[in-house]
Amino acid sequence: MSAPPKEGNPVRTFVDEVWGSIFRHGLPTTDKVAARTALTNFFLHIHPVRVKKSAIRVSYTLCLGGLSFFLFILLTITGLFLMFYYIPSVDQAYQNIKDLQFVATFGLVIRNMHRWAAHGMVITVWLHMARVFYQGAYKPPRQFNWAIGTLLLLTTLLLSFSGYLLPWDQLAVWAITVGTNMAKYAPLAGPYTRYLLLGGRQVAQGALIRFYVLHVIALPLIGFLLMVVHFWRTRKDGFTGGL
Amino acid sequence: MAINPYDTPRGKFRTRAETTRRQFLLLMGTLASTGAVIFGSVEVLKFMFPAATGDAPQQFKTTFTFDELTGGVDGSGKAKAGATVRSITADRVSVVVDDAGIYAVYLICTHLGCTPNYVPNVTSGSGVLDAVAAARGDRTGSEQIPNGWACPCHGSRYFIDSTNFYGPAPRPMDWVSISVAPDNFFVVDRGNIVAYRQPGDNTAPQWRLLLKTKKDNGKTLGV
Ligand code: HEM
Ligand code: FES
């Protein structure tokens with residue numbers, strides 16, 4: 001808690017006021033102040049104020065959920081940068097990707113970060129799910145969060161699939177051709193699903209813009225909302241932990 | 001959470017069979033909003049199904065003429081240039097000339113839809129005997145080795161009559177209609193399938209665009 005402002009120093013008073021309105025507490029000197037600091041700060045309160053020692057053992061969660069979240073943040077930031085150069089048009093997309101690689105300063109780094117983080121996120125989400133499964137951490141009262149988790153896995157896979165089309169190279173076009181034809185084999189809804197995904201019957205401009213919108217807006221937003229619920233529930237249900 | 005009208009001072013004196021104004025409004029409101037949500041969802045779904053698409057037209061004209069492909073027709077009604085195959089990869093069609101005439105194969109792999117490439121040695125390494133392959137198509141011209149198509153995606157292979165013989169493809173590729181326009185170029189209509197075969201059906205289609213008359217013989221299969 002900031003000290004009462006010194007008389008007769010308006011600048012100091014102003015600075016203290018602004019500082020005090022952002023950071024409601026002074027440096028956490030005691031456990032109690034530390035707990036209150038965490039509780040009153042939006043970003044800090046995502047992490048619990050108090051955790052069991054057993055639950056923060058790295059060998060317990062292997063940090064897989066956290067790593068997935070970290071990669072998601074990384075993908076959001078690098079994805080945002082890619083969007084400055086990328087135009088979802090069949091005439092331009094491939095050239096944009098080449099420009100990113102060979103013209104834009106550090107474009108190659110950004111693109112590779114996005115690509116490798118995408119592969120990484122698919123892997124960490126799978127492993128996270130496997131960890132939860134093998135520890136039986138999906139059992140009551142955490143069934144709901146397991147269900148949210150499966151949706152998060154699905155969202156991750158869909159993000160990875162939709163991003164794959166965007167470079168509009170041979171790999172992209174034929175992977176989406178194959179993928180959407182698989183969807184077509186689903187009973188009854190199959191052909192409609194394919195038409196809906198592609199916005200037509202061919203992998204063409206209509207498909208590219210659809211996948212782009214899904215990739216940069218719809219799916220990240222869905223993923224974000226699911227994560228909010230997911231993290232909230234982890235906090236409420238507590239850790240399964242070597243009790 | 002619905003308000004229990006029996007808790008209101010006025011409600012207390014009513015019997016259960018009656019509907020209070022609040023209940024009535026609640027019911028009407030629920031019905032109206034449910035209706036709006038259903039109607040809205042249907043409209044959103046319809047919006048997401050494009051009423052018109054930017055798909056390429058089904059019909060297209062070739063960049064080569066009848067005479068360029070066949071080299072002219074000899075007395076017995078065969079192409080002077082012999083058996084040939086001309087692939088138009090961008091439009092996903094191969095035009096094949098054999099002794100009986102001309103046909104067009106729609107290059108959509110029946111596995112998962114990639115474009116198979118024309119290859120002159122389609123049986124190589126597949127364990128299929130050349131004799132078996134030769135029986136699928138009459139290769140009398142320059143191409144003595146069995147030719148056909150191989151898919152780059154998962155390796156399906158097709159004989160020259162488009163029958164699948166290797167890899168995951170479940171059935172032969174379709175044949176589509178080809179005709180000669182007045183200006184002597186070909187018109188291929190990918191919307192008009194002239195030979196459609198189910199899995200396991202290895203019948204060789206008899207449909208041909210006849211060289212002598214420049215008209216097709218009408219012998220469609222499975223359509
Ligand atoms: C808000 C989040 C995201 C945004 C704004 C975004 C944006 C983009 C953009 C503009 C591209 C095209 C550029 C390129 O292909 O290099 C792209 C590609 C791609 N994205 Fe994302 N992305 C996001 C999240 C994700 C996530 C979470 C994943 C996977 C788990 C992912 C997987 C991919 C993949 C596999 C590609 C193709 C990469 C390549 O070929 O280089 N993206 N993304
Ligand atoms: S799409 Fe041709 S083999 Fe799979």
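The values are calculated or read from the model by the stated rules, or taken from the named source; none is laboratory data. Since the model is a prediction, treat every value here as computed from it, not as a measurement. Positions of Cβ are generated from backbone atoms using ideal geometry, with glycine treated the same way; all protein chains shown enter the neighbour counts. Protein only, heavy atoms only, side chains kept; ligands, DNA and RNA dropped before computing areas. Shrake-Rupley method; radii C 1.70, N 1.55, O 1.52, S 1.80 Å.
Details
- Whole-percent carbon and sulfur share, accessible surface of the stretch A:59-237, 1.4 Å: 74 percent
- Summing +1 for each Lys or Arg and -1 for each Asp or Glu among the other residues whose beta-carbon sits under 12 angstrom from that of B:Tyr196 gives 0.
- Here the accessible area is traced with a 1.4 Å probe on the protein chains. For the stretch B:53-177, carbon and sulfur cover 53 percent of it.
- Threshold 40 Å², the stretch A:147-191 residues less accessible with all protein chains present than alone (1.4 Å probe): A:Trp174, A:Val178, A:Tyr185
- Chymotrypsin sites (Phe, Trp or Tyr not before Pro) within the stretch A:10-42, DSSP loop, no more than 10 other Cβ atoms inside 10 Å: A:Phe42
- Coil-residue trypsin sites (Lys or Arg not before Pro) of the stretch B:115-223, DSSP, other Cβ within 10 Å capped at 12: B:Lys212, B:Lys215, B:Lys219
- Gaussian network model of chain A, springs between alpha carbon atoms under 10 Å - residue of A:Val173, A:Val58, A:Val33 with greatest fluctuation: A:Val33
- With a cut-off of 13 Å between beta carbons, the residues surrounding B:Phe49 carry a summed charge of +3, where Lys and Arg count +1 and Asp and Glu -1.
- Helix B:21-48 vs. chain B, principal-axis angle (Cα, 0 to 90°, nearest 10): 10 degrees
- Of all segments of chain A bounded by trypsin sites (Lys or Arg not before Pro) found in a DSSP loop with no more than 12 other C-beta atoms within 10 Å, the longest spans A:58-243.
- Short-range pairs are left out: with C-alpha atoms under 8 Å and at least six residues apart, the relative contact order of the stretch A:59-237 is 24 percent.
- Dividing the Cα radius of gyration of the protein assembly as shown by its Kirkwood radius returns 1.15 for Rg/Rh.
- The residues of the protein assembly as shown present an accessible area of 60 Å² per residue when probed at 1.4 Å with all protein chains retained.
- Relative contact order computed over the stretch A:14-128 (Cα-Cα under 8 Å; 6+ residues apart), in percent: 24 percent
- Per-residue ellipticity at 222 nm computed for chain B from its helices equals -5500 deg cm²/dmol, with DSSP H segments shorter than 4 residues left out and the rest contributing -39,500 (n - 2.57).
- Between the stretch B:191-215 and the stretch A:159-236, the alpha-carbon centres lie 37 Å apart.
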